[in-house]
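Engineer: This structure is in structure tokens; I'll ask about it shortly.
What follows is calculated from the coordinates using simple rules that are stated; it is not laboratory data. What you see is a predicted model; the values in this text were computed from it and never measured. Cβ placement follows ideal geometry from the backbone for every residue including glycine, while neighbour counts extend to all protein chains displayed.
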Ligand SMILES: [Fe+2]
């Protein structure tokens with residue numbers, strides 16, 4: 001009888017993201033980056049997230065000097081449009097806005113000049129690297145983020161081809177938390193990215209998981225991820241920081 005409850009080979013039946021409840025990286029705000037292009041698309045994505053158990057959304061539009069010159073104003077305006085539509089359609093889910101900052105010179109300059117869009121009790125600051133190369137002076141930038149009072153979170157470390165598990169662990173030891181996309185675990189971004197995401201989980205260097213939802217294909221992959229053993233492990237026995245009430 002007892003063997004029935006062993007974790008090994010356990011089924012994913014009934015598994016949902018309800019366990020974590022909060023999705024803290026998505027592009028569901030309408031019309032301001034490469035995510036939802038209008039509010040009807042925003043609603044579709046949010047419904048898809050709610051269908052798999054998400055109960056709170058922290059939307060994180062890109063802020064990138066060359067492509068998406070978002071500001072707190074553009075982001076809050078888009079959030080207001082979305083919130084109006086949610087009320088109109090009777091959809092009850094808290095949506096909050098922060099950002100996904102592209103780590104370039106303008107980001108470093110902003111750190112000196114203004115209050116950035118962070119979230120949670122720990123002032124979490126979500127940022128991403130270029131897919132081509134890591135900023136050469138990143139340790140300095142990391143120190144600046146922390147000195148300014150933020151708790152940095154690197155978005156999808158598994159997607160940077162030049163990155164290694166060792167480098168991730170080293171950055172994490174220096175105070176940079178790590179957020180893996182659950183869609184990466186489905187193979188959505190290719191075999192290498194999937195393997196890297198699995199290694200990061202095995203090495204216990206993952207702090208947050210999220211959808212990084214831009215469009216309905218991501219919604220499909222987000223749902224598919226629930227059938228994976230790695231995702232079961234993340235949701236049932238892994239020391240994610242998301243499992244706390246800090247968000
Ligand atoms: Fe993103």
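Engineer: Please enumerate the residues belonging to region 204-231 that are at positive phi and under 15 Å from the mean Cα position of the chain (by Cα).
Structural biologist: Of everything in region 204-231, just one residue is at positive phi and under 15 Å from the mean Cα position of the chain (by Cα), namely 212.
Engineer: State whether the residues of region 157-166 include one that is touching a residue at least 60 places away in the same chain (Cβ under 8 Å), out of contact with any helix residue (DSSP H, G or I) (no Cβ under 8 Å at 6 or more places or on another chain), part of a loop (DSSP other than H, G, I, E, B) and closer than 18 Å to residue 100 by Cα.
Structural biologist: Looking through region 157-166, none of the residues is touching a residue at least 60 places away in the same chain (Cβ under 8 Å), out of contact with any helix residue (DSSP H, G or I) (no Cβ under 8 Å at 6 or more places or on another chain), part of a loop (DSSP other than H, G, I, E, B) and closer than 18 Å to residue 100 by Cα.
Engineer: From the residues in region 30-39 that are more than 15 Å from the ligand (Cβ to nearest atom) and touching a residue at least 40 places away in the same chain (Cβ under 8 Å), which one is farthest from residue 155 (Cα to Cα)?
Structural biologist: 39
Engineer: How do the pairs read when you match residues in region 111-137 that are over 15 Å from residue 167 (Cα atoms) with residues anywhere that are more than 16 Å from the ligand (Cβ to nearest atom) and part of a strand (DSSP E or B), using Cβ under 7 Å and keeping only pairs 6 or more apart or on different chains?
Structural biologist: What qualifies is 122/151; 123/151; 124/151; 125/151.
Engineer: Name the single residue that is surrounded by the most Cβ atoms within 10 Å (Cβ to Cβ) among those in region 50-69 being part of a strand (DSSP E or B) and within 12 Å of the ligand (Cβ to nearest atom).
Structural biologist: Applying the filter and picking the extreme gives 59.
Engineer: While we're looking at this one, here's another question. Go through region 23-49 residue by residue and tally those that are assigned to a loop (DSSP other than H, G, I, E, B) and more than 21 Å from residue 101 (Cβ to Cβ).
Structural biologist: Looking only at that region, the number is 2.
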